[in-house]
Amino acid sequence: MSLIGVFDSGVGGLSILDEALRQLPQHDYIYLADSANAPYGEKSPDWIAQRSLSLCKHLAGAGCDAIVVACNTATAQAIKDIRAAIPIPIVGVEPGIKPAAMQSANGIVGVLATEATLKSDKFNALLSTLPVDCQFIKQAGAGLVPLIEAGKANDGETLELLAKHLEPIQLAGSDTIVLGCTHYPFLRKAIRKLLGDKITLIDTSEAVVKQLKRQLEGLALNPAADFPNADTARYGAVHFFSSKDEHALLKMAQDLMHSDLKNHRVSTAQLGSVS
C-alpha cells in the first residue's frame, strides 16, 4: 500500500479526498489543511508558492509516495516549483474549463474561482488553448472560502454572497459553471437552490483521482487488482493534520464527505511549525 498526501489551504481538498477514498480506499492518506492561513486566494503569488512548497516538502518528509495538491490556487502558483523540488508524483488540480467548453450547449461558460487562480499564468495559458467561439465568464468568489471553512456552506449569508457572484454568470446566459476551487463543490446544493437543476456544474475531483491512480500504477503502488470489489477492499488509515484546529477539521470531514470514515483508521494532529 502507499501513503498519499493531500494538501489544501483548508477543507476544500476534502472533496478530492472524498473521491480518493471512493476510488482508492485501500491506501493510507495524510490530509493536511493549512486552515490557519486560509484562504490562499487572497495572498501574494510568492507567499502561496513558498508556503505550498514547504507543506509539500513536509508531506514528502513524512514518507508520502505521492502528493495531491488539492488546491487550485496552490496548483496555479506553485506546482512547477513543487515538482522540481520533490522527486515523487505530484498531482495538481485546475479548473475544468476544457470539459466545460466541450459540454456547453450554447458556448457560454461561467468560471467561479479565486482571484489568484483567475489571474495566474497557468490558468490563462490553459484558457488560450480553448476554442475562441466559447465565451468564458470569469468570476472571483471572494469571501466564499471563509464561509465554507466556518461550516456555513448552506447558510443564508453564503446564499446571499453566492447569488451576487453568480449574477454576472447568470446574466451572460451561461449554461455551464466550472467550480474552479476545491472548496466550491460543497456549494453544489446552494447553487442548485439559486439556479435550479438545468445548469451543468463541472467539478474535476474524479479526473484528479484517476490521474493519481495512473501515477500510482506507474510506480506499482496501486494493487487494485488485489481488490476487485469495493466490499472486499482493505480500508487504509486517514490522518488529518490542521494548522488551526484538527478537531474542527475532522468534524468538517464527517459533515462534508460522503465517504464513511468509520471504515478507516482515523487520527488527528495539530500541524507544528513548517520551515
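The values are calculated or read from the model by the stated rules, or taken from the named source; none is laboratory data. Treat the numbers as computed from the prediction; the structure is a model and nothing was measured. Note: ideal-geometry Cβ built from the backbone for every residue, glycine included; neighbour counts use all protein chains shown. Accessible surface is based on the protein model in full, side chains and every heavy atom, while ligands, DNA and RNA are left aside. Shrake-Rupley method; radii C 1.70, N 1.55, O 1.52, S 1.80 Å.
Between amide H atoms placed 1.01 Å from N, distances below 5 Å from Val91 occur with Ile67, Val68, Val69, all of them 5 or more places distant or on a separate chain. Based on DSSP H segments of at least four residues, each scored -39500 (n - 2.57), the chain has a per-residue ellipticity at 222 nm of -12500 deg cm²/dmol.
Rank these by accessible area, largest first, 1.4 Å probe: Leu195, Leu112. Don't skip to the end; give the middle numbers.
Details: Leu195 40, Leu112 0 Å².
Sorted descending by solvent-accessible area, the residues read Leu195, Leu112.
At a 10 angstrom cut-off on C-beta neighbours, averaged per residue, how do the peptides 21-33, 37-49 rank from highest to lowest? All intermediate terms of the calculation are to be shown ahead of the outcome.
Numbers: 21-33: 22.0, 37-49: 18.5.
In descending order of packing, they fall as 21-33, 37-49.
If you take the Cα centroid of segment 159-209 and the Cα centroid of segment 133-157, the two points sit 8 Å apart.
Averaged per residue, the chain has 45 square angstrom of accessible surface, using a 1.4 angstrom probe with ligands and nucleic acids left out. Ranking of Arg51, Arg234 by solvent-accessible surface, largest first: Arg234, Arg51 (1.4 Å probe, protein heavy atoms only, all chains present). Once backbone amide H atoms are built at 1.01 Å from N, Lys152 has no partners under 5 Å, excluding neighbours fewer than 5 places away on the same chain. Projected onto their three principal axes, the Cα atoms of segment 1-151 cover extents of 46, 34, 31 Å, largest first. Less than 5 angstrom separates the built amide H of Ser2 from those of Asp28, all sequence-distant by 5 or more or on a different chain.
Note on segment 2-29 and segment 86-128: Cα centroid distance 20 Å, given to the nearest whole angstrom. The heavy atoms of Phe7 present about 0 square angstrom of accessible area, all protein chains included, probe 1.4 Å. Carbon-plus-sulfur accessible fraction, the chain (probe radius 1.4 Å, protein heavy atoms only): 50%. Farthest toward the positive end of the dipole of segment 72-163, out of Leu144, Ile86, Ala163, is the Cα of Ile86, where the dipole comes from beta carbon charges about the Cα centre.
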